[in-house]
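First comes the structure, then the notes that go with it.
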Amino acid sequence: MFLYNAWYVAAWATEIGTKPLARTLLEEPVVFYRQSDGQVVVALEDRCCHRGMPLSRGEVFGNNIRCEYHGMVFDRSGNCVEIPGQPLVPKSARVRSFPVAERDGLIWMGDASLSDPAAIPSYPWHARWPHKCKTERLDCNYLLLSDNLLDQTHAAYVHKSTLASNVDAYERAEMKISPTEDGVKFIRWMLNCQPPGIYAKAVKFAGRVDRWGEFEYVAPSCILQFTGARNVGEGAYEKDDRDGGFGLRIFYGITPETEHTSWFMWSVANGHRQNEPQATEELFTEIEHAFKEDEDVLVAQYATLRKLGDRPLINIASDGARIHARLALERKIAQERGIPREEVITLA
Amino acid sequence: MFLYNAWYVAAWATEIGTKPLARTLLEEPVVFYRQSDGQVVVALEDRCCHRGMPLSRGEVFGNNIRCEYHGMVFDRSGNCVEIPGQPLVPKSARVRSFPVAERDGLIWMGDASLSDPAAIPSYPWHARWPHKCKTERLDCNYLLLSDNLLDQTHAAYVHKSTLASNVDAYERAEMKISPTEDGVKFIRWMLNCQPPGIYAKAVKFAGRVDRWGEFEYVAPSCILQFTGARNVGEGAYEKDDRDGGFGLRIFYGITPETEHTSWFMWSVANGHRQNEPQATEELFTEIEHAFKEDEDVLVAQYATLRKLGDRPLINIASDGARIHARLALERKIAQERGIPREEVITLA
Amino acid sequence: MFLYNAWYVAAWATEIGTKPLARTLLEEPVVFYRQSDGQVVVALEDRCCHRGMPLSRGEVFGNNIRCEYHGMVFDRSGNCVEIPGQPLVPKSARVRSFPVAERDGLIWMGDASLSDPAAIPSYPWHARWPHKCKTERLDCNYLLLSDNLLDQTHAAYVHKSTLASNVDAYERAEMKISPTEDGVKFIRWMLNCQPPGIYAKAVKFAGRVDRWGEFEYVAPSCILQFTGARNVGEGAYEKDDRDGGFGLRIFYGITPETEHTSWFMWSVANGHRQNEPQATEELFTEIEHAFKEDEDVLVAQYATLRKLGDRPLINIASDGARIHARLALERKIAQERGIPREEVITLA
């Protein structure tokens, strides 16, 4: 069960131009394009109402898109405005259109007319910090991606060589979890620990560091991360002074393509050596490498869950944030469907 | 729902020799071979009745075929005539055989004993004009292929660079549609238009041409096309004098492999420069290229129809011939099954 | 329907070390590893009870295995013995474990607690004769493999160039079939026949030979073969003196991976020129080549059976041993399930 009346990240703004882009979201094939002014982004059902041809194979003419097969033309509202060889266009000649909003370098898509752009999470960091973004498609249910991010204890095992500190630091970590109306926030402090490889490469530390990972999950589609470390004694923890040292912010748009596949759209924004493009590039490469480690895990996990999904699983202590996130999503789906939360099934 | 009691094109005559050929038609795996005299073509169920082995992996001996696995031998009627190591052959040792007819360079297969060879469409042009043929397997329902051919307005968009005239010529085209008992015929005249690239390459025209496309669909399996152009004023349209200029005939055998895949068997016969083999070869290459354009479209269309096949489609003005063709097929299926035509589902 | 309360060959002993091995048996994903002493082999459900991660991607530490994802540790009984960051481990934190026995160079796996190691067939020949083994995965139901081995008349057709004698020798062969409680035994004598290519390559014969093939099927998982030939007149048949000449023994472990795929684990042990490693190597290569011929047949057969499995098949004279084998298996399944044998479906 998906939440439908909500905003999902559909693409990076840079992915959409006047060449149509086909992208399936929540099992719905959608064609995206920019009108020829380069401004307005259009999202239509990717299926011509005549013979079912994907409109994404067609061409954008001015503000409209022409089907490749028999040349029918549709405007941004999904109405057909031209049928070659036929003077009148019936009202039934239309395809579905979807609400779209472009914000902070992201294209968001809403499903229903109720979608209120005010509900889109704001993310000012793309404008403020140098950053680089990526879109990946993964063979797993989308919730495994947020599960992964919301339980950072995995870093000690999955990211041994990249993101991990000494294992005991993870176990001694201080976690503060705060459920929110739309999801959950948490901050995890690892005090007096070794800086992980990726940090030490980026910034020269004096020795041990105080390290934080701050995450906010906003159901159903995004996670905001602020991670960093300063030398022990510089007040990151004691005075919440987290400027300086090493810092990075990651935006995650996690959108179901189908029940079994996901779009994973992320950017990393760089808080150190911001006038050195190379620093951002290196950070991106490190993060990309770590995410590849996660992706291998998630695809293997999902293959097993699909085969043996009816067997019970258990929760452990580190699942706190993950469970709050799922509850928030389930509450929203229950509300949308008018059913009790207990009847919501988010992952079969 | 397929029509069963009918003749379908199974293969080109040149495809079948004494080496067995496996080909699935209408979801039925069939093995074809020629008896050792090189004359009689045999079509049997491609499954030994002993352990289910495909007979197409066996060997032809004289008039019969021997299973690769335990050596049982079957004759052209499907009766087992030898079981190694066993003196008697029980009557139950048999596989299904299918009626086959070889005509005009084509192998036709009927399904039931009612199949009457007199119902096979005659096609004299393979004997009269130089031609070249091809068999292709496509990932789409077979009806999308006849749909495509029966609505030639697609040429203006799909075949922009190959077959298309100026777009307005398509919109001004004169269409004469004649439903027949077995399908539909139509002729489309585009008068005073530019010769498309493929025509102009083959023949030197004085300038604008009168261009015709004549199609006959014979349910369920074939389409006969006669297409050409002459210089304006030479009487092609006014006097129905269509010799000279540029002309080609295409035979199409369109046979379901499964519900979701098709055999597309076509030949192009060349009406110009008939004593130049190179002219036929060039024409074939051009047509093959244009069909590749169609095939890309049909596979994309079918993938979308499979995903979203329950959403309504609309008909437009150019769908006339296509709709008559479907009606003819549906009438035949309804009659075969003894159900109302409205209950026939040809494409889910 | 599988027989569950039984021993199946899971792997060759040499395949399992301290690096975990993932192998699905009877639709159940299992992880195998050796404890760090190199002795005890452990078989656990390949799915962490926390988030479903395959344990086979984890690491063996001492006697236990640690999940790659969040670091939970399981012992050989399947009990979780450590959850990182959580002092207590609940009893529910466990995965299934399976009985394992290592015998004669083979790893056997039982399914239920009732599995009695005394029921494992003994195979002393790995200790006595030089041999070489292989594990293959095939796209067919596992019963097609035993079917194949239990009807040796296929050799005349499938193994024309490798194992076959003159065809009439197969037809004149003397078969003695003896049903057993657990399956069936048979011995096939081909007297006064040409030695097949593989025999003649290995040993120099005077001329014609008396050739035997002795097979024992032990339901559900293994077949023991002793095959050979001696010069006519040396008493192989008359005095049951089968030492000398050419001889080989093959052990087959045939275990379902899924309903549609199989593990085929076989060894060939060499009875001639036993002090020449090259002789064993050559024999292995010949047998491997012949099995490749079988595998091509079985995969093609199974593809057809899956498509047309509801059509009736017939039995022929050479099916005797195969039928006894199936009956023995069906009796065991019927007993395990408490249903009549007639209701057992071993191959859909």
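From the list A:A93, A:A118, which one is farther than 30 Å from A:E295 by Cβ, modelled with pLDDT of 95 or more and not hydroxyl-bearing (S, T, Y)?
Values: A:A118 fails: modelled with pLDDT of 95 or more.
Residue meeting the stated conditions: A:A93.
So which of C:T180, C:T135, C:T153 is open to solvent by 10 Å² or more (accessible area, probe 1.4 Å), β-branched (V, I, T) and within 20 Å of B:R66 (Cα to Cα)?
Details: C:T180 fails: within 20 Å of B:R66 (Cα to Cα); C:T135 fails: within 20 Å of B:R66 (Cα to Cα).
Testing whether each residue is open to solvent by 10 Å² or more (accessible area, probe 1.4 Å), β-branched (V, I, T) and within 20 Å of B:R66 (Cα to Cα) leaves just C:T153.
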*Hey, can you tell me all the residues within region B:65-81 that are part of a strand (DSSP E or B), away from every other protein chain (no Cβ under 11 Å) and in contact (Cβ under 8 Å) with a residue 24 or more places away in the chain?*
B:I65, B:F74
*region A:298-323 - residue that is in a helix (DSSP H, G or I) and more than 21 Å from A:F264 (Cα to Cα) and, of those, farthest from the other protein chains (Cβ to nearest Cβ)*: A:G320
_Criterion (within 30 Å of C:Q152 (Cα to Cα), among the acidic types (D, E) and surrounded by 20 or more Cβ atoms within 10 Å (Cβ to Cβ)) met by exactly one of B:E45, B:E59, B:E82_ = B:E45
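Looking only at residues in region B:280-297 that are of a type in the set (A, V, I, L, M, F, W, C) and away from chain A (no Cβ under 11 Å), which one is nearest to B:G247 (Cα to Cα)?
Our first condition is that a residue be of a type in the set (A, V, I, L, M, F, W, C); within region B:280-297, this holds for B:283-284, B:287, B:290-291, B:297.
Within this subset, residues satisfying the condition of being away from chain A (no Cβ under 11 Å) are B:283-284, B:287, B:290-291.
On the way: B:L283: 10, B:F284: 13, B:I287: 13, B:A290: 16, B:F291: 18 Å.
Among those that are of a type in the set (A, V, I, L, M, F, W, C) and away from chain A (no Cβ under 11 Å), it is B:L283.
Report yes if B:I177 is in the same structural domain as B:T304 (by TED's automatic domain parsing), in a helix (DSSP H, G or I) and within 24 Å of B:I254 (Cβ to Cβ), otherwise no. So that I can check it myself, show each step before the final result.
Values: in the same structural domain as B:T304 (by TED's automatic domain parsing): yes; in a helix (DSSP H, G or I): no; within 24 Å of B:I254 (Cβ to Cβ): yes.
It is false that B:I177 is in the same structural domain as B:T304 (by TED's automatic domain parsing), in a helix (DSSP H, G or I) and within 24 Å of B:I254 (Cβ to Cβ).
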*asked:* Quick check on my filter: what residues within region A:189-211 are of a type in the set (F, W, Y) and either over 14 Å from A:G235 (Cβ atoms) or modelled with pLDDT under 90 (or both)?
replied: A:Y199, A:F205
*Kindly check whether there is at least one residue in region A:93-103 that is out of contact with any Asp or Glu (no Cβ under 9 Å at 6 or more places or on another chain), buried (at least 17 other Cβ atoms within 10 Å of the Cβ), among the aromatic types (F, W, Y) and farther than 28 Å from B:E174 by Cβ.*
no
*Looking at (1) within 14 Å of another protein chain (Cβ to nearest Cβ); (2) basic (K, R); (3) surrounded by fewer than 22 Cβ atoms within 10 Å (Cβ to Cβ), find the lone condition where C:R51 falls short.*
(3)
*When you look at A:G58, is it farther than 14 Å from A:D111 by Cβ, more than 14 Å from chain B (Cβ to nearest Cβ) and of a type outside the set (A, V, I, L, M), yes or no?*
no
*Out of region C:15-55, which residues are among the hydrophobic types (A, V, I, L, M, F, W, C) and under 17 Å from A:Y302 (Cβ atoms)?*
C:A22, C:C48, C:C49, C:M53, C:L55
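What strands (runs of 3 or more DSSP E) lie completely within region B:82-160 and have 2 or more residues being in contact with a helix residue (DSSP H, G or I) (Cβ under 9 Å, 6 or more places away or on another chain) and assigned by TED's automatic domain parsing to the domain that holds B:I187? Show your work before the answer.
Numbers: elements: B:100-103, B:106-110, B:131-138.
Answer list for region B:82-160: B:131-138.
Against the definition (more than 9 Å from chain C (Cβ to nearest Cβ), open to solvent by 10 Å² or more (accessible area, probe 1.4 Å) and assigned to a strand (DSSP E or B)), how does B:R23 come out, yes or no? Working first, answer last.
Working: more than 9 Å from chain C (Cβ to nearest Cβ): yes; open to solvent by 10 Å² or more (accessible area, probe 1.4 Å): yes; assigned to a strand (DSSP E or B): yes.
Yes, satisfied.
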*Go through region C:200-219 and count every residue that is assigned to a helix (DSSP H, G or I) and either in contact (Cβ under 8 Å) with a residue 60 or more places away in the chain or open to solvent by less than 10 Å² (accessible area, probe 1.4 Å) (or both).*
2
*For A:A11, which of the numbered conditions (1) within 23 Å of A:H126 (Cα to Cα); (2) surrounded by fewer than 20 Cβ atoms within 10 Å (Cβ to Cβ) fails to hold?*
(2)
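With respect to B:V73, determine if the residue is buried (at least 19 other Cβ atoms within 10 Å of the Cβ), closer than 30 Å to C:L150 by Cα, modelled with pLDDT of 95 or more and in contact with a Gly (Cβ under 6 Å, 6 or more places away or on another chain).
Numbers: buried (at least 19 other Cβ atoms within 10 Å of the Cβ): yes; closer than 30 Å to C:L150 by Cα: yes; modelled with pLDDT of 95 or more: yes; in contact with a Gly (Cβ under 6 Å, 6 or more places away or on another chain): no.
It is false that B:V73 is buried (at least 19 other Cβ atoms within 10 Å of the Cβ), closer than 30 Å to C:L150 by Cα, modelled with pLDDT of 95 or more and in contact with a Gly (Cβ under 6 Å, 6 or more places away or on another chain).
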*Among what's in region A:250-270 and is of a type in the set (S, T, N, Q) and part of a strand (DSSP E or B), pick the residue that is nearest to A:A202 (Cα to Cα).*
A:N270
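For B:N270, indicate whether it is more than 14 Å from B:K134 (Cα to Cα), open to solvent by 40 Å² or more (accessible area, probe 1.4 Å) and assigned by TED's automatic domain parsing to the domain that holds B:V184.
On the way: more than 14 Å from B:K134 (Cα to Cα): yes; open to solvent by 40 Å² or more (accessible area, probe 1.4 Å): no; assigned by TED's automatic domain parsing to the domain that holds B:V184: yes.
Against the criterion (more than 14 Å from B:K134 (Cα to Cα), open to solvent by 40 Å² or more (accessible area, probe 1.4 Å) and assigned by TED's automatic domain parsing to the domain that holds B:V184), B:N270 does not qualify.
Here is a yes/no grid of residues against (1) in contact with a Gly (Cβ under 8 Å, 6 or more places away or on another chain); (2) closer than 17 Å to C:S318 by Cβ:
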site: C:I177; (1), (2): yes, yes
site: C:T180; (1), (2): no, no
site: C:L191; (1), (2): no, no
site: C:P196; (1), (2): no, no
site: C:A206; (1), (2): no, no
site: C:S221; (1), (2): yes, no
site: C:A229; (1), (2): yes, no
_Only listed residue being within 26 Å of C:L347 (Cα to Cα), in contact with a His (Cβ under 6 Å, 6 or more places away or on another chain) and not acidic (D, E), chosen from C:A269, C:A325, C:A290, C:A321_ = C:A290
_Total residues in region C:221-244, condition open to solvent by less than 30 Å² (accessible area, probe 1.4 Å), touching a residue at least 40 places away in the same chain (Cβ under 8 Å) and touching a Lys or Arg at 6+ places or on another chain (Cβ under 7 Å)_ = 2
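The values are calculated or read from the model by the stated rules, or taken from the named source; none is laboratory data. Given the structure is predicted, the values throughout are model-derived calculations rather than measurements. As a convention, Cβ positions derive from the backbone with ideal geometry for all residues, glycine included, and neighbour counts pool all protein chains shown. Heavy atoms of the whole protein, side chains included, go into the accessibility calculation; ligands, DNA and RNA do not. Shrake-Rupley method; radii C 1.70, N 1.55, O 1.52, S 1.80 Å.
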